[in-house]
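Report on the following structure.
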Amino acid sequence: METVMTELSTKDRKKLDKGSFAFPEQEKEPLENASHVRNAIARFNQVKDVTDDERDAAWKRIKAAAKKFDVEVSEKGWREIGK
């Protein structure tokens, strides 16, 4: 089954609460649905200028969103992505 990324317009993105993002301060990687969660995992290592603490917190938000949207996550932590 092919996954299609749900596009968020700039207008819709600005409507989102900061808590709707994996990286809320940077407003990076929205977590609004299963497609966004899968995309956030795939692009996790592409997010620049964030600390390991911010990555730890983002991973927790991604895991919570994955559970909410029934997305299987095989990695135990963000450091395993792409390995």
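The values are calculated or read from the model by the stated rules, or taken from the named source; none is laboratory data. This one's a predicted model, so the numbers in the text were calculated from it and none came from an experiment. The area values use the complete protein model at the heavy-atom level, side chains included, leaving out ligands, DNA and RNA. Shrake-Rupley method; radii C 1.70, N 1.55, O 1.52, S 1.80 Å.
If the condition is being more than 9 Å from the chain's Cα centre (by Cα) and aliphatic (A, V, I, L, M), then the range 56-65 contributes Ala57, Ala64. Selection over the range 1-34 of residues that are open to solvent by less than 70 Å² (accessible area, probe 1.4 Å), farther than 16 Å from Trp59 by Cα and modelled with pLDDT of 75 or more gives a count of 0.
For the structure I just gave you, tell me whether Asp49 is acidic (Asp, Glu) and in a helix (DSSP H, G or I). Against the criterion (acidic (Asp, Glu) and in a helix (DSSP H, G or I)), Asp49 does not qualify.
Among the residues of the range 70-83, those that are open to solvent by 60 Å² or more (accessible area, probe 1.4 Å) and either on the phi > 0 side of the Ramachandran plot or within 14 Å of the chain's Cα centre (by Cα) (or both) comprise Asp70, Glu72, Gly82.
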